[in-house]
Amino acid sequence: MNSEVPKRDRPSKITYVEAASDPDEPPSDKSATLAPINRIPFDIFQVIIDMCQQDEPSSTFRFTISHVCHLWREYALAMPLLWAFLHINKPVPRWEILEGMLKRSGQAPLNIYIGQAPFVKSALPHLRKIMRMILPHLGRWRTLHLSDAPCKVRRILLDQIRAKPAPHLEDIKISQSSFYDRPSPLKLKNSSPNWRAEDMLVGFPNLNSVEWTISTSNLSALPSFRNLRFLILGEDTLIDVLPRPFVQLIHRILSDSPSLETFGIHYHTISGWGDVEVVNLQVPALTHQSLQTLFIKSTVTIRSAAIRSLILPKLRAFSTAYHTELVDVSCCNPIAEQNSLPELRVIVISGDVDTGWLPVPPPSFHADMPFLRPAVHNLANLRILTFRTINFDGGRWLPDLGNCCPHLRWLIFVYCIGYTIPPIRLLVETRIHRDGINPLQLLCIEPLYNAPSECWVSEDDAAWFSKFLKFM
């Protein structure tokens, strides 16, 4: 028996075209049957559209789906969150579309992005229109991102929302690139001669994410953030600050933000402070129970001075999304003595080998070398370990990695001396046969250009390493 549908009963191609060609007509039962997506519940349709919208919230996706057919348009207009992202970054913003999106967003929390483009040629009129449009909805702002807006525009806008209630505001990002921070055509008197940008944050107690890169900010005046989870203080936010107040500032921010999980801060070294003074800097230790990622953009010596004063039980990396920052061997003392970083996953430890082009730490670093081995042994959750410019003194300070760091996957030596290849072969082989310890997946050995011959890998050793892991 032929189970094929008779030809006369099959829907023709024109039926599909007719079903989707007139979006103003309500879909018939027949067209709904032909389009399976029209039979799924609205809640599931909404989840699918939300997932697509998250990939590029500033795109025209929301307008595209509202023009597919009448049913999809009804669905799109019934989704306030779909219209709750205002992306204002055109030389001449399309005000009627922005107003329509505000209306369609209902009472949904608003996500607002304001770029530089509207203020290039017509700053004041555009600023007035933007403020008239978004300020009445301050009570439902969820995120605010000002990107490369001229200084006066940024100042006027922030002054309007300072000390006003915004109970739903969770995320503020004020980013300013010096390349774009040029004079604005605005010619206005300052509303307050003693205006301070950091005061704007006082009225938003529910913030959980702040990215702040305003060079005129007084970071010592930042308010407490009990719910903050993400804080980045960008370039040029610290000017004319000595190392001790800088470390004390880090302590104050961490003390005032007990829920903080990611913290990044940029610090430019003030002239006249040498490495010796920073190495000898002593600050009482501070424990923070929530921090998982710490990024301190500064010299390795100042960064290490700050890290030595912290006990971070949940910290996983000293890194951004792009790279891991170095710490020097002076950090090994608290790691060995206090087990200050038990959950650390990635670390780059630098030493005092003179490469000829990298800064050389002071001689006092030699006193910290005995802590290198016990410190690495305490990093039980380590995945990636890099030694950079370390003098292992004939293998004396080389950790026994065949019997510690059970989760270690990558081992990297860069510009190091004082080691030989046989102990490294032994630790690779030990990890292969040892129960409860993961074998290495990657090994990189890049000796200093003038390193002794025993630091270089022979062809036979390279071939042996390549049998068991990726060797570089």
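The values are calculated or read from the model by the stated rules, or taken from the named source; none is laboratory data. Every value quoted in this text rests on a predicted model; they were computed, and no experiment measured them. All Cβ positions, even for glycine, are placed from backbone atoms using ideal geometry, and neighbour counts span all protein chains on display. Side chains are part of the model used for accessible areas, which takes the heavy atoms of the whole protein and leaves out ligands, DNA and RNA. Shrake-Rupley method; radii C 1.70, N 1.55, O 1.52, S 1.80 Å.
Give me a comma-separated list of calculated 3J(HN,Hα) values for the range 109-121, in order, Karplus coefficients 6.51, -1.76, 1.60 applied at θ = phi - 60°, integers in Hz, x for any Gly or Pro.
Rounded to whole hertz, the list is x, 9, 10, 10, 10, 10, x, 8, 4, x, 10, 6, 10.
Could you work out how far apart the two model spin labels at Arg425 and Asn403 are, taking each label as a point 7 Å from the Cα in the direction of the beta carbon, and quote it in nm?
About 2.1 nm separates the two model spin labels.
Spelling out what I want: for every residue of the range 430-435, take phi, set θ = phi - 60°, compute 6.51 cos²θ - 1.76 cosθ + 1.60 (Karplus), and round to whole Hz; glycine and proline get x.
Per-residue couplings from phi come out as 4, 5, 5, 9, 7, 6 Hz.
Would you mind checking the range 291-320 for residues with the amide N under 19 Å from a putative spin-label position 7 Å along Cα→C-beta of Gln338?
291-296, 301-318
Which trypsin sites (Lys or Arg not before Pro) in the range 365-411 sit in a loop by DSSP (not H, G, I, E or B) and have at most 13 other Cβ atoms within 10 Å of their own Cβ?
Arg396
Which cross-chain or sequence-distant (5 or more) residues have an amide H under 5 Å from the amide H of Ser319, H modelled 1.01 Å from N in plane?
Leu294, Glu325
Test of the criteria: in the range 280-330, which chymotrypsin sites (Phe, Trp or Tyr not before Pro) are in a DSSP loop and have at most 11 other Cβ atoms within 10 angstrom of their Cβ?
Tyr322
Output ³J(HN,Hα) for the range 375-383: one whole-Hz value per residue in order, computed from phi by the Karplus curve 6.51 cos²θ - 1.76 cosθ + 1.60 with θ = phi - 60°, and x for Gly and Pro.
Taking θ as phi minus 60°, the curve returns 5, 5, 5, 7, 8, 5, 9, 5, 10 Hz for the range 375-383.
Amide H to amide H under 5 Å from Leu310: which residues, 5+ apart in sequence or cross-chain, H placed 1.01 Å off N in plane?
The list, which skips near neighbours in sequence, is Leu286.
In terms of solvent-accessible area of protein heavy atoms at a 1.4 angstrom probe, what is the ranking of Cys151, Cys332, highest value first?
Heavy-atom accessible area, descending, gives Cys151, Cys332.
Lysine pairs in the range 52-175 8 or more apart or on different chains: how many have alpha carbons under 18 angstrom apart?
Final tally of qualifying lysine pairs is 8.
Would you grab the residues whose amide H sits under 5 Å from the one on Ile445? Only those 5+ places off in sequence or on another chain, please, with H modelled 1.01 Å from N.
Under 5 Å from the amide H of Ile445: Phe413, Met472.
Run through the range 35-121 and list the trypsin sites (Lys or Arg not before Pro) located in a DSSP loop whose Cβ has at most 12 other Cβ atoms within 10 Å.
The qualifying sites are Arg94, Lys121.
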